[in-house]
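Notes follow once the structure below has been shown.
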Amino acid sequence: MFQGAKILRTLVATLALSLAAGCAEQASPPPQAAATDGPELAGAWYQVYFGSNSVAIDARGQTIVKTVAHVVANAGPTRVTVIGRTDRVGAPPDNLALSHRRANAVRDALVAAGVPARLIDTSWTGEARQVVTTADDAAEPRNRVVDITVVKQSP
């Protein structure tokens, strides 16, 4: 009986490895399935968060800036989009100006990290188009953000 159990365990292990290998092969789509008609991300969608009423980029934000610069330097032709946002604390015109300053702070940090300024499109929305919908004067840290997207361009 002991010999039969050992054979059974070996068969189960072999079957499990075969299934895992088959799943791994099926996990990546064929090259033609990967092509899309829209823009292709060169890296990922990045976010730099800010303190209330601040444009200072913290250590985590600086790491993100360096990561984006690395992606741009190594992904071939790219375009970077930077969009500043705020929460709803304060007057809408003030928040629009604050989101503008945040976007510019991130753009300037990207340029300082080696991203050519001509590759960066900068915009800002103030308290419009928030990640988390809130009432007026609601402090929401996830809305105090600059979104960064790196998209591959045709050579």
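No lab work stands behind these numbers, since they all come straight from the coordinates. All of these numbers come straight from a predicted model, not from anything done at the bench. All Cβ positions, even for glycine, are placed from backbone atoms using ideal geometry, and neighbour counts span all protein chains on display.
Acidic (Asp, Glu), within 11 Å of Ile83 (Cβ to Cβ), out of contact with any Asp or Glu (no Cβ under 7 Å at 6 or more places or on another chain) and buried (at least 18 other Cβ atoms within 10 Å of the Cβ), is that true of Asp147? In short, yes.
For segment 70-88, filtering for residues that are in contact with a Lys or Arg (Cβ under 9 Å, 6 or more places away or on another chain) and closer than 20 Å to Ala135 by Cα leaves 4.
If the condition is being among the hydroxyl-bearing types (Ser, Thr, Tyr) and either more than 22 Å from Ala42 (Cβ to Cβ) or without any contact (Cβ under 8 Å) to a residue 60 or more places away in the chain (or both), then segment 77-135 contributes Thr86, Ser99, Thr122, Ser123, Thr125, Thr133, Thr134.
When the residues of segment 69-107 are narrowed to those that are touching a Gly at 6+ places or on another chain (Cβ under 7 Å) and β-branched (Val, Ile, Thr), which ends up surrounded by the fewest Cβ atoms within 10 Å (Cβ to Cβ)? This residue is Val71.
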